[in-house]
Amino acid sequence: MEYVEKARAESERGELVLRERREENGPVVWELRANGVFVMDTEETSTEEALATACLALVEEPAQVLVGGLGLGFTAHRVLADRRVRRCVVVEIEQALVDWMRDGTVPHGPAVLADERLQVVVADVAVALAEARPASYDLVLLDVDNGPGYLVHDANAGLYETPFLTRLRTLLRPGGAAAIWSASEEPALEEAMRAVFGAVDPQPLDVVLQDRAEHYWLYVARVPSQA
Ligand SMILES: C[S@@+](CC[C@H](N)C(=O)[O-])C[C@H]1O[C@@H](n2cnc3c(N)ncnc32)[C@H](O)[C@@H]1O
């Protein structure tokens, strides 16, 4: 396996590295790491896309969508592939990553960001949601960390807890839906979402990551049509 570093940045959260991974005769894979921890790659993106499709399938008119965490843009791209979506706001905390996606350091980045329905906001998603108007989104999709059990950034712990989830629910319109991506099964998150939304649908997702079997999870919840 050969690695080539393509970009590196420092922020108050630490180090962010974008690198290429290449196996002999294999495709070039892009990998994002934060403080040495694997965040994601471009080889296995089915669950990033499932985060979008699981919710898009639930809502009749998903016109307004908020995505927490740009990453390498797969969730946002899948959201924008749905022509019912009129606006997709992506909240990403790392300015450098947005720059790499915009300037082509990530080769597919400019095409993803070119969609005129997409707005990228550089902010902590906790702050962005605290400032958003109530009932302003049909879908809220969160993939900002590896889940409460494997946090890349400890400061994200609150994003999986009741006060934040309660706030998130107020941003959804009647009939809207929310989904949270997690790298592991998280009974406490499931319980918190059930308490806030009345019900939750935990969806296990089996993936193979560099020859390893992994089991990721989506936690999906809805707001009743007549809230
Ligand atoms: C796993 S990646 C998201 C992957 C994305 N779903 C995709 O399809 O490429 C997580 C992203 O969330 C960002 N992030 C981490 N904490 C955040 C926060 N509190 N607010 C907003 N973005 C955050 C990270 O910088 C990273 O880009």
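The values are calculated or read from the model by the stated rules, or taken from the named source; none is laboratory data. Everything numeric in this text was worked out from a predicted model, so none of it was measured. Don't worry about glycine lacking a Cβ; one is built from the backbone with ideal geometry, like all the others, and counts go over all protein chains shown.
Summary of values
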{"item": "Hits in the stretch 153-186 - residues which are touching a residue at least 40 places away in the same chain (Cβ under 8 Å), surrounded by fewer than 20 Cβ atoms within 10 Å (Cβ to Cβ) and within 16 Å of the ligand (Cβ to nearest atom)", "result": "153, 155"}
{"item": "Counted residues, the stretch 199-214 - those being surrounded by 12 or more Cβ atoms within 10 Å (Cβ to Cβ) and in contact (Cβ under 8 Å) with a residue 24 or more places away in the chain", "result": "6"}
{"item": "Unmet requirement for residue 7, which otherwise passes all of (1) small (Gly, Ala, Ser); (2) touching a helix residue (DSSP H, G or I) at 6+ places or on another chain (Cβ under 7 Å); (3) surrounded by fewer than 20 Cβ atoms within 10 Å (Cβ to Cβ); (4) on the phi > 0 side of the Ramachandran plot", "result": "(4)"}
{"item": "Pairs with Cβ under 8 Å, 6+ apart, first in the stretch 102-123 and over 18 Å from residue 16 (Cβ atoms) and among the hydroxyl-bearing types (Ser, Thr, Tyr), second at pLDDT 95 or above and part of a loop (DSSP other than H, G, I, E, B)", "result": "none"}
{"item": "Unmet requirement for residue 36, which otherwise passes all of (1) more than 18 Å from residue 145 (Cβ to Cβ); (2) surrounded by fewer than 13 Cβ atoms within 10 Å (Cβ to Cβ); (3) modelled with pLDDT under 95", "result": "(1)"}
{"item": "Test: residue 13 is within 11 Å of the ligand (Cβ to nearest atom), surrounded by fewer than 17 Cβ atoms within 10 Å (Cβ to Cβ) and of a type in the set (Lys, Arg)", "result": "yes"}
{"item": "Candidate set from the stretch 133-152 (those that are small (Gly, Ala, Ser) and farther than 12 Å from residue 181 by Cβ); member that is farthest from the ligand (Cβ to nearest atom)", "result": "135"}
